[in-house]
Amino acid sequence: MSNQPISEADKELIERYLLKRLKKGEAEQVATRMTEEAFAREVKWQQQFLDVVKSQSQQDIKKELQQMENKLQGASATESPARSLRPFWLLAAAVLLILVSLWFFYPRTPTTDDLFAMYYQPYPNELVKVERSTPKISAQQQTFIHYQSEEFEAALEGFDQWLIDSPQSDARFYKAITLMSLDRTTEAIPILESIAAQQGHRFRQAAKWYSALAYLQTDQAAKAKVLLEQLSAAPKGSFNRKAAKELLAKLMEGNQ
């Protein structure tokens, strides 16, 4: 494993990874780099610090930092010189504490990437009943086992084969969601647009929602607004009507 020092670019990549703001192709890059000892260690430290910020109120953060400092002091004798630079690390922590405080008083306008990360989650399986205890599992069931386990590369292979056999299957919708989960959103958009244009399609409203999110991730906020307005105007009880109203309001507030 590599012990090369972590660069600023590495730290920014890790930050995007932990905040779920990775750019296209960066998920594979992180997966590869996680085999490096220094990179994996940095991810662990940043994750621990983020966990503190998320789980504690502002009044508790200083106390938590002091406890973390005590742990560092206790472990300094066995750690490498590079990790025992406590003053620098605590200075960085103090800066982050200030930034967190400023966030509460002067929250920044979320970007379209922020909004995507806030609202995106894969659509639940409504197509195939999956029971792992079944003695013989079909190829379609196995595909959804991968999908539900977030093994999206394997799921995509399954959906591709499925659609060779049944090109117009509703598996097209789940293939699009799988592509989005793999950060291949530009490939998902044409599929979602096609489904959203089909009157009476069981996933039409859901396709509009995911199309709107896809547009946000690809810097097409104007197109996203059109679809969100349609979803917001849908009858009460329609798919993600409330979420569409919230997201549309956030876009309007930020003049996205």
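Mind listing whichever residues of segment 2-22 are among the basic types (Lys, Arg) and in contact (Cβ under 8 Å) with a residue 40 or more places away in the chain? Let's see the steps before the verdict.
Taking segment 2-22 as the starting set, the residues that turn out to be among the basic types (Lys, Arg) are 11, 16, 20-21.
Once the filter is applied, which keeps residues that are among the basic types (Lys, Arg) and in contact (Cβ under 8 Å) with a residue 40 or more places away in the chain, segment 2-22 yields Lys20, Arg21.
Anything in segment 29-42 that is over 23 Å from Thr111 (Cβ atoms) and either in a helix (DSSP H, G or I) or in contact (Cβ under 8 Å) with a residue 40 or more places away in the chain (or both)? List them, or say none. Reasoning before the result, please.
At the first step, the residues of segment 29-42 found to be over 23 Å from Thr111 (Cβ atoms) are 31-42.
Across segment 29-42, the qualifying residues are Ala31, Thr32, Arg33, Glu37, Ala38, Phe39, Ala40, Arg41, Glu42.
Quick one: which of Ile189, Ile177, Ile195 is within 17 Å of Glu151 (Cα to Cα) and either of a type outside the set (S, T, N, Q) or surrounded by fewer than 17 Cβ atoms within 10 Å (Cβ to Cβ) (or both)?
None of the other options fit; the residue is Ile177.
Among the candidates Ala221, Ala197, single out the residue that is small (Gly, Ala, Ser) and free of Cβ contacts under 8 Å to residues at least 60 places away in the same chain. Explain how you work it out, then say what you get.
Values: Ala221 fails: free of Cβ contacts under 8 Å to residues at least 60 places away in the same chain.
The match here is Ala197.
Considering only residues that are over 28 Å from Leu213 (Cα atoms) and either β-branched (Val, Ile, Thr) or in a loop (DSSP other than H, G, I, E, B) (or both), which ones fall in segment 120-139?
Kept after step one, since they are over 28 Å from Leu213 (Cα atoms), are these residues of segment 120-139: 131-139.
Across segment 120-139, the qualifying residues are Glu131, Arg132, Ser133, Thr134, Pro135, Lys136, Ile137, Ser138.
For segment 149-256, list the helices (runs of 4 or more DSSP H) that sit wholly inside it and hold at least 2 residues that are closer than 25 Å to Glu26 by Cβ and modelled with pLDDT of 95 or more; which are they? Talk me through it step by step, then tell me what you get.
Working: elements: 152-165, 171-181, 185-196, 204-217, 221-232, 241-253.
Answer list for segment 149-256: 152-165, 171-181, 185-196, 204-217, 221-232.
Here's a check for you: in segment 201-213, which residue that is over 17 Å from the mean Cα position of the chain (by Cα) and either among the polar types (S, T, N, Q) or closer than 19 Å to Glu229 by Cα (or both) is surrounded by the most Cβ atoms within 10 Å (Cβ to Cβ)? Working first, answer last.
The first filter runs over segment 201-213 and keeps only residues over 17 Å from the mean Cα position of the chain (by Cα), leaving 201-208.
Still in the running and either among the polar types (S, T, N, Q) or closer than 19 Å to Glu229 by Cα (or both): 203-208.
Working: Phe203: 23, Arg204: 15, Gln205: 19, Ala206: 21, Ala207: 27, Lys208: 24.
Taking the candidates together, the pick is Ala207.
The values are calculated or read from the model by the stated rules, or taken from the named source; none is laboratory data. This is a predicted model, so every value here is computed, not measured. Because the Cβ atoms are built from the backbone with ideal geometry, glycine has one as well, and the counts that use them run over all protein chains shown.
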